[in-house]
Structures are given as C-alpha cells and as structure tokens.
Amino acid sequence: MHEMSIATALLEQLRRIAAEQQAARIVEVEVHCGVMQQVVPESLQLAFEAASTDTLAAGARLKIVETGLAARCRSCGEQFEAAIDNYLCPRCRTADVEIVAGRDIVLRSVVCEV
Amino acid sequence: MKINVVESVLKANDAVARENRRRLDAAGVVAVNLMSAPGSGKTLLLEKTIPALAAARCAVLVGDLQTTRDAERLAGIAAQVTQINTGTGCHLTATQVGEGLDSLDLRSIDFLFIENVGNMVCPAAFDLGEHRRAVLLSVPEGDDKVAKYPTLFQPADVILLTKVDLLGVLDYQRSKVYQDLSRINTRAPRIEVSSTTGQGLDRWFAWLKDQRRAQVSDS
Ligand SMILES: Nc1nc2c(ncn2[C@@H]2O[C@H](COP(=O)(O)OP(=O)(O)OP(=O)(O)O)[C@@H](O)[C@H]2O)c(=O)[nH]1
Ligand SMILES: [Mg+2]
Ligand SMILES: [Zn+2]
C-alpha cells in the first residue's frame, strides 16, 4: 500500500501548481505510473480520494495510465523493451540492466478552474 | 484550463534521498538497505554481522510498522541503533531515513544498515539514499518468490538466500530460484547463508567490506 505515499506526494505537487496558477479548484489530474511501481489503480484512487478531502483537489477525477518498461543493457548497451518479470538482453542474454522507463510515476497534466 | 506538466511524483523523495547519500558520502559511510518479506531473517543476520565487522563502527536504522523490538535486539550489538516506526506505512521513506541520520553520529561509523519494513513490494519503489540494496529470500518462503516479486529482485546489488540450514527440511529447489534470477538479475552476487549455523556468512562479510572499500576509494 505505497499508494498512500504516492497520493500524498501528488497532492503536495497539486497544491503547489494550484498556487502558481492561482487556481480555485482542480478538476482533473493525469498520472503515468511505470509498471515497476506496481501501483494498484483502485488503491491509488481510494488513497487520492482520502488524501484530497479538504484540499483544492477534492472530488477531482484521477486518470491513471500504466506505462511500459524500457531497459538498457549494462554489458552491451542495447536498449530494449523489458517485461516486469523478464530483463534479459536480447543481444547478450544477461539480465543486468538500467531501467530507462517504467520505474517512475509522472504527473502529466492538471485541469483546473481559476 | 489544462496545464501540461511532466514532473515525477517521487521527486521530493528522490531529492531527500540524494541529500541523504551526500551526507553519508561526506562521512565516508557505506549504507546498505536490507529488504525482504517479513521474517526472512534481516534482524538475526544483522545480529551476526555487526560483531564480525566491528560493532563500534556500525549503526542501524530499523523500520517497522510498530514496536521497538528489533531495535532492542540490536541495541546491545551495534554502537548506534534508531528505530523508525512507520505506523501504517509499509516502507521507509527518504525523509524518515534523513531524520534517522540526524540521530546518528555518522563520523564514527563505517557501515549503516537500514533494515526496511518487511514487505516485498512497497520498499523497492523508494530510494532512501542507500548505496547498496541487499535483498533476502528465506528458504521457508518458497522457491517461487523471485518470479512473483521481480521488482524487488531486479534492482538488488546482492541477493542473500537465507535460512539454508532448512534446505533439507522443506521442499525447496534452489535451481528454481536461480533459474528465475537468470531472467531478472544476473548482476547481483548470490550468497547462501544461515544465521543459525553461520554457513556462508564469511562471503557476506567479505562482500560488505568490498563495498566499503569501493566507497572509500570513490570519494
Ligand atoms: N532456521 C533458521 N531460522 C532463522 C534464520 N535466520 C532467522 N531465523 C529465524 O526467523 C525468524 C525471523 O527472523 P528475524 O531476524 O526476526 O526476521 P526479520 O526479517 O528481521 O523480520 P521482520 O523485521 O519482522 O520483517 C526468527 O525466529 C529467527 O530466529 C536462519 O538462518 N535459520
Ligand atoms: Mg527485523
Ligand atoms: Zn546486452
């Protein structure tokens, strides 16, 4: 249940953005969750609802998009699409990678009313 | 009005983690984050490890939802021990570790062990500012756990198969674990240990000393 930590961090970002934009209310938020974060969308929705009560984002629609994995082989430099349970480099058959995409959670857009 | 942003939600945690790492680097401390399911043997392993390394040069930050039991077990063993209670939080955060660092005298230690909350999913998502990640998998948990929790094992710098004294007792095939690891992490050394018989501990101690040596020569 790290969804609560994520929701809390997200609301802190939203608070800052709302202040910068002098927004009165936030109505929609889109976040992209890398598969490696193993975010359970329903849990994040619930956590967001709970954490946003009494904030400018109360009642906002949260759109969650899951994003895939990209890895770079540390041995041969090949960049490839990995799966959550498979990081084998197609070129040299080792599983020693840097994660290029799919580990982060990114706030992509905010719809607000001023 | 729609505003497009591209901003990591974990940015705040990651910034604190970087600051923690900087503080540790400045003090010449190597920090190892121990992660596993509840009960895989993290605390007992530390009870055996710290005296072997030089207890005076070791500190532990130990995270648990509740109780100070692990800190009490380690109090007589490591020079400095701080318990962090996470309440409902199923993982440590960089901020909690940063506060833990405030309570330690970093100048007098070489090794900081961070015993994370027992959980195979959530801790992996949070950088704490550690230098190395040690992941434990105990024999009683079963030989299928690498495939079930790949995100814990993928970023591991060392993988400890713990409680190997129970290998003969349980139906557990090491080869399954190694086969799953061959797709998930071929970089991390794998060390089979038993904290009760002492088997394999020397290799673990040697690995830790190597990390500290690498750390000192880097900075
Ligand atoms: N047979 C055997 N038992 C072990 C070994 N290591 C730990 N144990 C036992 O496993 C149980 C859990 O060990 P802990 O060290 O408390 O595990 P932990 O990972 O710190 O647990 P949490 O902090 O609660 O997640 C204890 O009863 C230990 O005595 C081992 O190598 N062999
Ligand atoms: Mg423990
Ligand atoms: Zn390769």
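The values are calculated or read from the model by the stated rules, or taken from the named source; none is laboratory data. What you see is a predicted model, and the numbers here were worked out from it, not measured in a lab. Counting neighbours? That spans all protein chains shown, and the Cβs are built from the backbone with ideal geometry, glycine included. Surface accessibility is based on the protein's heavy atoms, side chains included, excluding ligands, DNA and RNA. Shrake-Rupley method; radii C 1.70, N 1.55, O 1.52, S 1.80 Å.
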Somewhere in the stretch B:59-76, is a residue surrounded by 14 or more Cβ atoms within 10 Å (Cβ to Cβ) and within 14 Å of another protein chain (Cβ to nearest Cβ)? yes
When you scan the stretch B:28-59, how many residues do you find that are in contact (Cβ under 8 Å) with a residue 60 or more places away in the chain, more than 9 Å from ligand 1 (Cβ to nearest atom) and on the phi > 0 side of the Ramachandran plot? 1
Regarding B:Val81, is this residue buried (at least 16 other Cβ atoms within 10 Å of the Cβ), among the hydrophobic types (A, V, I, L, M, F, W, C) and more than 13 Å from ligand 2 (Cβ to nearest atom)? no
Number of the exception - B:Thr86 against (1) away from chain A (no Cβ under 14 Å); (2) within 14 Å of ligand 2 (Cβ to nearest atom); (3) open to solvent by 10 Å² or more (accessible area, probe 1.4 Å); (4) among the hydroxyl-bearing types (Ser, Thr, Tyr): (1)
Condition first: within 16 Å of ligand 3 (Cβ to nearest atom) and within 14 Å of chain A (Cβ to nearest Cβ). Can you find one or more residues in the stretch B:188-202 that meet it? no
Need a quick list: strands (runs of 3 or more DSSP E) entirely within the stretch A:32-114 having at least 2 residues that are more than 7 Å from chain B (Cβ to nearest Cβ) and surrounded by 17 or more Cβ atoms within 10 Å (Cβ to Cβ). A:61-67, A:69-73, A:97-101
Residue by residue through the stretch A:74-93, note down the ones that are closer than 13 Å to B:Asp180 by Cα and either polar (S, T, N, Q) or within 16 Å of ligand 2 (Cβ to nearest atom) (or both). A:Asn86
Which residue out of B:Val16, B:Val32 is within 19 Å of B:Val216 (Cα to Cα), open to solvent by less than 60 Å² (accessible area, probe 1.4 Å) and not in a loop (DSSP other than H, G, I, E, B)? B:Val32
Looking at the stretch B:102-163, what strands (runs of 3 or more DSSP E) fall wholly within it and have at least 1 residues that are away from chain A (no Cβ under 14 Å) and either without any contact (Cβ under 8 Å) to a residue 40 or more places away in the chain or surrounded by fewer than 20 Cβ atoms within 10 Å (Cβ to Cβ) (or both)? B:132-138, B:158-162
